[in-house]
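Undergrad: Please find one structure pasted underneath; my questions will follow.
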Amino acid sequence: MSKHMKTFTHDYPSDLTEAQWAKLEPLLNLDPNEPARTYNVRDICDAIFYLNRTGCAWRYLPGDLPPWHLVQYYFYKWTRTHTWERINAALARMVRQQAGRESEPTAGSIDAQSVKTTEKRGSLVATVSMPVKRSKAVSDTYWLIRSA
């Protein structure tokens, strides 16, 4: 039995192009047999990037994107499973290779003025409830996919 995939029609500046989606989709390692998936994952990614670029609250997602709670579920799932970091590493390698460089950097530097520590630590509650607009990993993915 084939399931019906719900798709949305929208046109936001943060939406992925066909070429960008072709690079991102294989990096997500999606299970094609996942029984619960009824929404197009590309629409979910578009919604996450929309949130990242606009900074709106989850519940203020436009109606032409998947339901906010589903987008939130995937965002936190991919954050918890380090999917964003894995995607960013792969995209960074692609960008380096396209620039004619080695896929992995051969040197690094640390600016002592930039590395500061603090005795104050954030609480776990603040970390878990952090809005998507403050996710560096999503922001990095957004810009790397546009460079790849």
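Undergrad: Quick check on my filter: what residues within region 28-40 are of a type in the set (D, E, K, R) and either surrounded by fewer than 16 Cβ atoms within 10 Å (Cβ to Cβ) or touching a Pro at 6+ places or on another chain (Cβ under 7 Å) (or both)?
TA: Selection gives Asp31, Glu34.
Undergrad: Something else about it: Any idea which residue in region 61-76 is surrounded by the fewest Cβ atoms within 10 Å (Cβ to Cβ), counting only those that are aromatic (Phe, Trp, Tyr) and within 16 Å of Phe8 (Cβ to Cβ)?
TA: Ranking the candidates gives Trp68 first.
Matching residues to (1) surrounded by fewer than 17 Cβ atoms within 10 Å (Cβ to Cβ); (2) in contact (Cβ under 8 Å) with a residue 12 or more places away in the chain; (3) within 18 Å of Ser139 (Cβ to Cβ):
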{"residue": "Thr7", "(1), (2), (3)": "yes, yes, no"}
{"residue": "Leu16", "(1), (2), (3)": "no, yes, yes"}
{"residue": "Pro26", "(1), (2), (3)": "yes, no, no"}
{"residue": "Arg42", "(1), (2), (3)": "no, yes, no"}
{"residue": "Ala47", "(1), (2), (3)": "no, yes, yes"}
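Undergrad: Next up: For Ile110, work out the one condition from (1) part of a helix (DSSP H, G or I); (2) modelled with pLDDT of 65 or more; (3) among the aliphatic types (A, V, I, L, M) it doesn't fulfil.
TA: All conditions pass for Ile110, except number (1).
Undergrad: Which members of region 1-57 meet the condition of being outside any loop (DSSP other than H, G, I, E, B) and charged (D, E, K, R)? Talk me through it step by step, then tell me what you get.
TA: Filtering region 1-57 down to residues outside any loop (DSSP other than H, G, I, E, B) leaves 6, 18-28, 39, 41-54.
Within region 1-57, Lys6, Glu18, Lys23, Glu25, Arg42, Asp43, Asp46, Arg53 meet the criteria.
The values are calculated or read from the model by the stated rules, or taken from the named source; none is laboratory data. What you see is a predicted model; the values in this text were computed from it and never measured. Here Cβ is always computed from backbone atoms with ideal geometry, including for glycine, and neighbour counts include all displayed protein chains.
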